[in-house]
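The values are calculated or read from the model by the stated rules, or taken from the named source; none is laboratory data. Just so you know, these numbers come straight off a predicted model, no measurement behind them. Heads up, the Cβs are rebuilt from the backbone with ideal geometry, glycines too, and the neighbour counts pull from every protein chain shown. SASA here: full protein model, heavy atoms, side chains in, ligands and nucleic acids out. Shrake-Rupley method; radii C 1.70, N 1.55, O 1.52, S 1.80 Å.
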Amino acid sequence: MTFEQQKMIPKRDEDLKNGNYTVLNGEYTKNFNVYVVGEKHKEAIEYIMVALDRSTDNVLGYGIKMGSQKKFGVTFWNEEDIPEELRA
């Protein structure tokens, strides 16, 4: 986990408790779950799914993540970075 991510943990945990997240399963993320966290997580997931349909490898990559973060203000977290009590 990066220093920048560590600063975002309180906001992430608040969003998780409020249900502001979607979990992308391993089908799109090289066999591990990724949490898309933020108020606009549903809009971000729609954008991500269109981007994945258009991508050649159909895997959530750096470009899709950065575009989603910028456009929708969401953050991405690997499942192991999420406390067990807040996991879906």
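For residues in the stretch 38-88 being among the basic types (Lys, Arg), modelled with pLDDT under 95 and within 21 Å of Thr2 (Cβ to Cβ), which is surrounded by the fewest Cβ atoms within 10 Å (Cβ to Cβ)?
Here is the first cut: in the stretch 38-88, the ones among the basic types (Lys, Arg) are 40, 42, 54, 65, 70-71, 87.
Then drop every residue that is not modelled with pLDDT under 95, which leaves 54, 65, 87.
Still in the running and within 21 Å of Thr2 (Cβ to Cβ): 65, 87.
Working: Lys65: 18, Arg87: 12.
Looking at the filtered set, the residue picked out is Arg87.
Filter the stretch 27-37 for residues that are over 10 Å from the mean Cα position of the chain (by Cα) and within 23 Å of Ile9 (Cα to Cα); which is least open to solvent (accessible area, probe 1.4 Å)? Outline the logic, then answer.
Applying the first criterion (over 10 Å from the mean Cα position of the chain (by Cα)) to the stretch 27-37 yields 27-32.
Pick out the ones that are also within 23 Å of Ile9 (Cα to Cα) and you get 29, 32.
On the way: Thr29: 5, Phe32: 85 Å².
Per the stated criteria, the residue is Thr29.
If we keep just the residues of the stretch 1-26 that are among the polar types (S, T, N, Q) and open to solvent by less than 40 Å² (accessible area, probe 1.4 Å), which is farthest from the chain's Cα centre (by Cα)?
Restricting attention to the stretch 1-26, the residues satisfying the condition of being among the polar types (S, T, N, Q) are 2, 5-6, 18, 20, 22, 25.
If we keep only those that are open to solvent by less than 40 Å² (accessible area, probe 1.4 Å) too, we end up with 20, 22.
On the way: Asn20: 11, Thr22: 7 Å.
In this case the residue turns out to be Asn20.
Give the number of residues within the stretch 61-78 that are touching a residue at least 40 places away in the same chain (Cβ under 8 Å) and either of a type in the set (Gly, Ala, Ser) or touching a Phe, Trp or Tyr at 6+ places or on another chain (Cβ under 6 Å) (or both).
Adding up the residues that qualify gives 1.
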